[in-house]
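One structure is given here, and the rest of the page talks about it.
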């Protein structure tokens, strides 16, 4: 629910979410520069992964076909793959969802269980992409139940229960192997 609220897909019953000093749902519908993957990625089954992302990239027009190809490569997929999305494995669908969320290099990245169904190579691709986004200064919020993976991906881990923060922990990456 938190990710949906930040993205402007639902509105809080109390309080508010703001982006660049503009209240979502009042001043703006959603943050201007946002990429998200919430629950399971879903695309048009009769199109290739490239065609699906190409269509989405045309909505804002901030990236070109070469950028779409690179986003697909960044998650370990082949942009020239002629298979339709409906023929993708669960892991391939997840990779394409991550590519979609990150292809425009958004300022805010919201990911719900981004490593779900990924093999170790896919996990490495996501970790690398998130590290690059962090270096660019993107705000990244990840919902994940894998505490070990969160310790790799996160700078800070918040535990929520019934809409409230019940614990907060800074992650020290210098102690990592």
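Throughout, read-outs are computed from the coordinates displayed, never taken from laboratory work. Predicted model, so just to flag it, every value in this text is computed and none were measured. FYI the Cβ positions are ideal-geometry reconstructions off the backbone, even for glycines, and counts take in every protein chain you see.
Observations on the model:
- Between the helical axis of 90-102 and the longest alpha-carbon principal axis of the chain there is an angle of about 70 degrees.
- If you sort the three axes of the alpha carbon gyration tensor as a ≥ b ≥ c, you get a/c of 1.5 or more for the stretch 36-143 and a/b no higher than b/c, which makes it oblate.
- Report summary: the helix-based calculation at 222 nm, which adds -39500 (n - 2.57) for every DSSP H run with n ≥ 4 and divides by the residues of the chain, gives -11000 deg cm²/dmol.
- Prolate/oblate/rounded call for the stretch 18-72, Cα gyration tensor, a/c under 1.5 rounded: prolate
- Counted over the chain, the DSSP beta bridges are approximately 45% antiparallel.
- In degrees, nearest ten, helix 65-74 long axis to first principal axis of the chain (Cα): 70
- Put in line by how crowded their Cβ is, counting other Cβ atoms within 10 Å and starting with the fewest, 104, 169 read 169, 104.
- Order by protection proxy (mean Cβ within 10 Å, highest first), peptides 5-17, 45-57, 89-101: 89-101, 45-57, 5-17
- Rounded if a/c under 1.5, otherwise prolate or oblate - the stretch 52-112, Cα gyration tensor axes: oblate
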